[in-house]
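Every read-out reported here was derived from the displayed coordinates using simple, explicitly stated rules and does not represent laboratory data. In this text the structure is predicted, and so the values were computed from the model without any measurement. Cβ atoms come from the backbone with ideal geometry, glycine included; neighbour counts cover every protein chain shown.
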């Protein structure tokens, strides 16, 4: 049984072996940047992080900001 290249481009090659198709990748694989934690993300600001804080989206900065004060939320809890 021989191996024959069927399609080749700059990132991958498709080969056929024993009537099965195998994709062989030859370019960069996986994430380009490894994230170590939430603070490493570019759209999260944890400069005001406090115990019990949550992330709140700020449309002005277009970032998630750590905070403890919920002053623009509407919470529907039903009728009691």
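Residue order for 45, 40, fewest other beta carbons within 10 angstrom first, comes to 40, 45. Look at 74, 34 and count the other Cβ atoms within 10 Å of each Cβ; fewest to most, that gives 74, 34.
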